[in-house]
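Visitor: One structure is given below, represented as structure tokens, and several questions about it will come after.
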Amino acid sequence: MPAPAPTFLSEADWEAYGLRLLAFTRYWAGVHYGWTEGRTLPTGRTPEDIVIEVLLAYHEGRRTITAGVATYVQLKSSVKSVLWNLHRSHGSRRVTRLTPEDFALLMDESPNPDSSVQVEDFWRAFFEALLSQPHVAKRSDMQALVRAFQGGAESIGDLAAATGMTEERISELKRQLRPIAEKAMAHLKKEGTDRESKSPEGCHAAT
Amino acid sequence: MQLHEFLADAPSAEEARATLQAEGVDVGSFTHRLKTARASVASSVEKVKSPLGDVAAKTHEQIRSFMKRFGADDAPGLPAGAFARSKGSGKRNNGSHARKQDTDAQAE
């Protein structure tokens, strides 16, 4: 029988989840929505605002924690949904409070064969862009970590086995890799945008 | 993609703190905001509960005192016989009038 869902987050949980969610939100917003330090997200919010509003939504009972699913996983999903929905539905319009629709779960769409090929191409290009970043290209330990991911490592244990590094060392490299991965992603997106605008279709669309 | 999940995730609060500090985030300021936000929820819950409780208690006391002054035996919502006459004196326990009679009797 699953444990009953807690109604409120304890004070200790509140801070621990808050810090973990902020680390998550900053990276997710940077990689997927082009957010950078010092700028705000659509609706004028900061990653800190998103984290606090998500926690408040659960704490006040506007969102409920489902029993049997890890609380952090649910909070993280809410952050992903909020980021996606804010970008999709609000644009640059300011809203004072997140609505229930902002928490609407993302739909997992099964990619068709064509889009699967595109996704694979995209990730191949991403890893190339990441490996060519100066901070990665110059360092063998960082390259080993990225290549382990490219080879299918999915956990810190897999990474430790593939690279021979300690978990502490991997955690340290991970911190260094976060901003580099954001830059590689931004570079890749910019290249994609430039290519689209230079293509005949892009020129046609612009005229 | 697992890489992004891995880079985004901090498996513990300590690791999250270290990551945020490495990125130049003012962690102290953020945790203060967190605490303030949580406290504001707690105080708003208190505000809803407390005044209602106070009003109920105050109203109950006011009704009691009012009914007592005018010598009512009972008041709606109060225990039966709450304002029964004092036994033996033959006087209603009706506040100032009763007190005045007591003072007059003492003066005589």
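Bear in mind that the values in this text are calculations on the coordinates, not laboratory data. Computed from a predicted model, the values in this text were never measured in an experiment. Cβ atoms come from the backbone with ideal geometry, glycine included; neighbour counts cover every protein chain shown.
Visitor: With θ taken as phi - 60° and the coefficients 6.51, -1.76 and 1.60, list the Karplus ³J(HN,Hα) couplings across the stretch A:156-168 in order, rounded to whole Hz; mark glycine and proline as x.
Guide: 5, x, 4, 5, 4, 5, 6, 9, x, 8, 6, 5, 5
Visitor: Using a simple spin-label model with points 7 Å from Cα along the Cα→Cβ vector, what separation in nm is obtained for B:ARG33 and A:ALA144?
Guide: Here the modelled spin labels are 3.8 nm apart.
Visitor: Another question about this same structure. Would you please give the FRET efficiency between A:SER89 and A:ARG39, computed as 1/(1 + (r/R0)^6) with r the Cβ-Cβ distance and R0 = 22 Å, to the nearest 0.05?
Guide: Efficiency, from the Cβ-Cβ distance: 0.65.
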